[in-house]
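Asks: Dropping a structure here in structure tokens format, bear with me for questions.
The values are calculated or read from the model by the stated rules, or taken from the named source; none is laboratory data. Because the structure is predicted, anything quoted here is derived from the model rather than measured. Glycine gets a Cβ as well: all are built from the backbone with ideal geometry, and neighbour counts include every protein chain shown.
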Amino acid sequence: MKPASSAIALILAATLSATLILAGCAQIERQVALSSGISPAEVEWARKAGANTVIGTASMKSGGTTHTCTGQSANLIPDTAYARARMAAIFGNDTRGTRAASLGPVKFDKDDPLYVSSLRTTRCDASGSFAFPRVPDGVWYVTTSVKWGDPQGAKAGGGSMMQRLDVRGGRMVKVALP
């Protein structure tokens with residue numbers, strides 16, 4: 001190989017490597033397929049009324065401003081293997097996490113209908129608070145999001161957040177997200 005050809009080959013290899021590294025850092029919408037569904041027995045307990053109450057708030061700071069989940073949905077999701085896999089796909093773990101809005105959404109091929117029908121949903125009020133009354137004993141995930149700026153634009157801020165909760169004994173469980 002001639003010296004000029006060798007130099008060009010090295011430059012092309014370096015450029016290709018840099019391009020692949022940068023592409024890995026770019027925002028990529030992830031499409032996820034969850035392998036196992038939910039059996040009705042896994043969520044039967046979650047459909048009952050209980051004696052617990054879950055209350056919470058959600059906020060994020062940006063600069064000197066605190067943003068809340070005002071107007072956003074808050075969800076209470078019963079713990080199942082399917083829910084754990086879903087949380088891990090979104091947040092990187094199944095205990096507690098946040099996902100920046102700038103990362104884009106994680107899309108699922110198709111949600112299990114039992115997952116959708118067994119979750120409880122409410123709205124965050126004007127102060128960024130939410131409440132779930134009459135929750136049965138069990139392990140749950142609470143999720144919500146805080147958003148500001150242009151949700152479709154490059155200046156979208158905020159993100160989604162999740163925490164796993166063990167709710168038992170007819171008590172009030174307080175959670176502050178993130």
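Asks: Among residues belonging to the stretch 52-95 that are over 14 Å from Met161 (Cα atoms) and touching a Pro at 6+ places or on another chain (Cβ under 8 Å), point out the one that is surrounded by the most Cβ atoms within 10 Å (Cβ to Cβ).
Replies: Within the stretch 52-95, the match that is surrounded by the most Cβ atoms within 10 Å (Cβ to Cβ) is Asn52.
Asks: What about Asp137, is it acidic (Asp, Glu) and under 29 Å from Ala46 (Cα atoms)?
Replies: Taking the combined requirement at face value, the residue satisfies it.
Asks: Where in the stretch 132-178 are there strands (runs of 3 or more DSSP E), lying wholly inside it, with at least 3 residues that are under 22 Å from Gly71 (Cβ atoms) and more than 12 Å from the chain's Cα centre (by Cα)?
Replies: It comes to 172-177.
Asks: Follow-up question, since we're still on this one. When only residues in the stretch 54-78 that are outside any loop (DSSP other than H, G, I, E, B) and of a type in the set (Ser, Thr, Tyr) count, which is farthest from the chain's Cα centre (by Cα)? First the steps, then the outcome.
Replies: Keep residues of the stretch 54-78 that are outside any loop (DSSP other than H, G, I, E, B), which gives 54-62, 65-68, 73-78.
Right, trim to of a type in the set (Ser, Thr, Tyr) and you get 57, 59, 62, 65-66, 68, 73.
Details: Thr57: 16, Ser59: 15, Ser62: 19, Thr65: 22, Thr66: 20, Thr68: 16, Ser73: 12 Å.
Step by step, filter the stretch 54-78, then rank; the result is Thr65.
Asks: Something else about it: For the stretch 79-112, enumerate the residues that are assigned to a helix (DSSP H, G or I) and without any contact (Cβ under 8 Å) to a residue 12 or more places away in the chain.
Replies: Those that are assigned to a helix (DSSP H, G or I) and without any contact (Cβ under 8 Å) to a residue 12 or more places away in the chain: Arg84, Ala88.
Asks: I would also like to ask the following. Tally the residues that are more than 28 Å from Ile38 (Cα to Cα) and touching a strand residue (DSSP E or B) at 6+ places or on another chain (Cβ under 8 Å), restricting the search to the stretch 66-99.
Replies: Keep residues of the stretch 66-99 that are more than 28 Å from Ile38 (Cα to Cα), which gives 66-71.
Among the residues that remain, those that are also touching a strand residue (DSSP E or B) at 6+ places or on another chain (Cβ under 8 Å) are: 66-69, 71.
Counting residues in the stretch 66-99 that are more than 28 Å from Ile38 (Cα to Cα) and touching a strand residue (DSSP E or B) at 6+ places or on another chain (Cβ under 8 Å) gives 5.
Asks: How do the pairs read when you match residues in the stretch 114-142 that are closer than 12 Å to Thr80 by Cβ with residues anywhere that are of a type in the set (Gly, Ala, Ser) and loosely packed, with under 15 Cβ neighbours inside 10 Å, using Cβ under 9 Å and keeping only pairs 6 or more apart or on different chains?
Replies: Close Cβ pairs (under 9 Å, with a partner that is of a type in the set (Gly, Ala, Ser) and loosely packed, with under 15 Cβ neighbours inside 10 Å) amount to Leu114/Ser39.
Asks: Would you call Thr57 more than 16 Å from Gly158 (Cα to Cα) and modelled with pLDDT of 95 or more?
Replies: So Thr57 does not fit the description; no.
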